[in-house]
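The values are calculated or read from the model by the stated rules, or taken from the named source; none is laboratory data. Just so we're clear, the structure is a prediction, and the values are computed from it rather than from any experiment. Because the Cβ atoms are built from the backbone with ideal geometry, glycine has one as well, and the counts that use them run over all protein chains shown.
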């Protein structure tokens with residue numbers, strides 16, 4: 001019966017498109033065109049169905065089949081979990097009633113039969129019946145493959161205890177949080193089979209590390225921020241909290257719109273961040289705070305150790321790549337032994353800004369230490385000062401210190417700013433015993449702006465004193481010591497005053 005209706009439909013279609021019987025538009029009584037061959041049309045439909053079925057079977061391949069799923073146990077992306085409910089297994093796995101192997105084999109047989117019918121069908125009815133049979137086999141095949149898992153990453157983290165690796169098998173959304181969601185547990189995230197992207201679907205943090213909260217991002221894990229956010233993607237917010245990024249991980253695309261000072265990609269507030277690899281990119285913070293990484297301490301210690309990876313394409317006003325500050329005798333520590341900070345943009349401190357500023361009245365300054373023994377800071381831009389690195393004491397604080405130490409094979413090159421394209425120091429300390437500061441550009445052409453190392457000191461309300469490096473060698477020794485108590489430089493070695 002279905003085939004009869006299809007034949008009638010084909011004839012009706014022929015009439016609609018202009019292949020009318022004699023007397024209907026042709027004064028000579030003939031046809032207005034050559035009518036299509038109904039059998040050819042039926043075979044074309046069958047061929048389309050065969051092609052789609054073949055592709056679907058190939059995509060499934062031979063899926064992994066497991067008797068049950070347990071968090072922390074690695075399996076293959078798309079694996080079939082026998083007897084499980086979809087709500088109890090992760091996104092990227094499938095809940096099945098039974099091993100789908102026999103259904104997949106039967107589907108292959110159905111495709112072979114359809115191909116044989118395509119080759120041999122002599123009537124429209126035969127071709128149409130073959131397609132009907134293949135359509136029915138497709139329904140059975142899809143049903144055997146089960147239902148996609150729906151257990152979210154947020155639910156998996158909430159349920160996790162102790163130390164565990166959570167494997168990601170698919171992309172998913174993640175609603176932002178406002179309180180700690182990783183505390184007293186150690187979580188490692190690792191993508192399986194391909195890059196797995198977790199995207200913030202609302203404003204808020206994706207991960208908030210509290211007391212004894214530890215998070216490691218391994219390969220094939222991308223954390224994507226929110227386009228209109230009010231905070232960072234990852235907040236390391238306790239002295240015992242630790243974030244680690246390894247090769248193949250990424251934190252990207254967080255657009256912070258609120259004008260406060262808490263960063264956009266990663267914020268370290270009295271915790272530790274170890275970056276051995278991976279990428280922090282394309283984040284934005286509209287005010288002071290570090291679009292890529294913010295290191296801030298209030299009466300505690302915040303530590304960022306960078307030995308690999310890249311921080312790139314971040315934009316903001318202060319510290320496009322990395323910003324650090326501390327107060328009330330807190331300590332912010334940035335140690336860079338490898339990796340790259342490049343292509344970031346800010347008004348001041350395009351690559352890195354080290355700041356000593358009291359954000360709270362009468363709290364006093366802190367200890368800010370940036371030690372660079374390796375790695376590269378290159379291709380960053382500051383509209384005003386410090387294209388590569390800007391180190392300053394922003395207020396006349398009578399406590400705390402701000403120090404940049406450069407040695408080893410570290411490099412600051414190819415950065416641009418109006419003043420101090422490579423490195424600029426304002427009322428702060430510098431110890432340079434090695435490394436190279438070369439090929440940086442100042443867009444304002446003055447003796448002050450073109451210094452490879454620019455040191456500024458506010459002498460009084462009527463003017464300032466500026467100093468610059470005495471040579472262009474990669475290993476020039478420079479020691480500049482700023483005394484916060486007396487508000488003056490007590491050591492100026494390896495630099496000369498600029499007239």
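Let me confirm something: among 452, 472, 457, which residue is surrounded by fewer than 18 Cβ atoms within 10 Å (Cβ to Cβ), at pLDDT below 85 and out of contact with any helix residue (DSSP H, G or I) (no Cβ under 6 Å at 6 or more places or on another chain)?
Working: 452 fails: surrounded by fewer than 18 Cβ atoms within 10 Å (Cβ to Cβ); 457 fails: surrounded by fewer than 18 Cβ atoms within 10 Å (Cβ to Cβ).
After ruling out the rest, the residue left standing is 472.
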Practice item. Answer with yes or no whether residue 188 is in contact with a strand residue (DSSP E or B) (Cβ under 7 Å, 6 or more places away or on another chain), surrounded by fewer than 16 Cβ atoms within 10 Å (Cβ to Cβ) and free of Cβ contacts under 8 Å to residues at least 60 places away in the same chain. Key: no
Point to revise | Single residue of 412, 425 found to be surrounded by 23 or more Cβ atoms within 10 Å (Cβ to Cβ), at pLDDT below 95 and either assigned to a strand (DSSP E or B) or within 32 Å of the chain's Cα centre (by Cα) (or both) | key: 425
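Matching residues to (1) touching a strand residue (DSSP E or B) at 6+ places or on another chain (Cβ under 8 Å); (2) surrounded by 20 or more Cβ atoms within 10 Å (Cβ to Cβ); (3) farther than 30 Å from residue 156 by Cβ:
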{"site": "45", "(1), (2), (3)": "no, no, yes"}
{"site": "71", "(1), (2), (3)": "yes, no, no"}
{"site": "88", "(1), (2), (3)": "yes, no, no"}
{"site": "92", "(1), (2), (3)": "yes, yes, no"}
{"site": "109", "(1), (2), (3)": "no, no, yes"}
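Given the options 147, 138, 165, name the one that is closer than 22 Å to residue 220 by Cα and modelled with pLDDT of 95 or more. Outline the logic, then answer.
On the way: 147 fails: closer than 22 Å to residue 220 by Cα; 138 fails: closer than 22 Å to residue 220 by Cα.
On inspection, the qualifying residue turns out to be 165.
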Check your understanding: Residue check: is residue 291 buried (at least 24 other Cβ atoms within 10 Å of the Cβ), touching a residue at least 40 places away in the same chain (Cβ under 8 Å) and over 21 Å from residue 425 (Cβ atoms)?
Key -> yes
Review point. Conditions: (1) surrounded by fewer than 15 Cβ atoms within 10 Å (Cβ to Cβ); (2) at pLDDT below 95. Residue 38 meets all but one. Number of the miss?
Key: (1)
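Check the range 126-145 and report whether any residue there is in a strand (DSSP E or B) and under 29 Å from residue 173 (Cα atoms).
Restricting attention to the range 126-145, the residues satisfying the condition of being in a strand (DSSP E or B) are none.
No, that holds for no residue.
In this structure, does residue 350 turn out to be assigned by TED's automatic domain parsing to the domain that holds residue 482, assigned to a loop (DSSP other than H, G, I, E, B), out of contact with any strand residue (DSSP E or B) (no Cβ under 6 Å at 6 or more places or on another chain) and at pLDDT 95 or above? Walk me through it before giving the result.
Values: assigned by TED's automatic domain parsing to the domain that holds residue 482: yes; assigned to a loop (DSSP other than H, G, I, E, B): yes; out of contact with any strand residue (DSSP E or B) (no Cβ under 6 Å at 6 or more places or on another chain): no; at pLDDT 95 or above: yes.
No: the conditions fail for residue 350.
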Practice item. With the checklist (1) buried (at least 19 other Cβ atoms within 10 Å of the Cβ); (2) within 30 Å of residue 100 (Cα to Cα) in hand, flag the one item residue 243 doesn't pass. Key: (2)
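Which one is surrounded by the most Cβ atoms within 10 Å (Cβ to Cβ), of the residues in the range 207-227 that are touching a strand residue (DSSP E or B) at 6+ places or on another chain (Cβ under 8 Å) and either at positive phi or not in a strand (DSSP E or B) (or both)? So that I can check it myself, show each step before the final result.
To start, the set of residues in the range 207-227 that are touching a strand residue (DSSP E or B) at 6+ places or on another chain (Cβ under 8 Å) comprises 207-210, 212-227.
Right, trim to either at positive phi or not in a strand (DSSP E or B) (or both) and you get 210, 212, 218-220, 225-227.
Working: 210: 19, 212: 15, 218: 20, 219: 16, 220: 19, 225: 27, 226: 24, 227: 12.
Of everything passing the filter in the range 207-227, 225 is surrounded by the most Cβ atoms within 10 Å (Cβ to Cβ).
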Revision key, fill the gap. Only one of 280, 251, 198 is under 12 Å from the mean Cα position of the chain (by Cα), over 24 Å from residue 342 (Cβ atoms) and either free of Cβ contacts under 8 Å to residues at least 40 places away in the same chain or crowded, with 21+ Cβ neighbours inside 10 Å (or both), namely 198
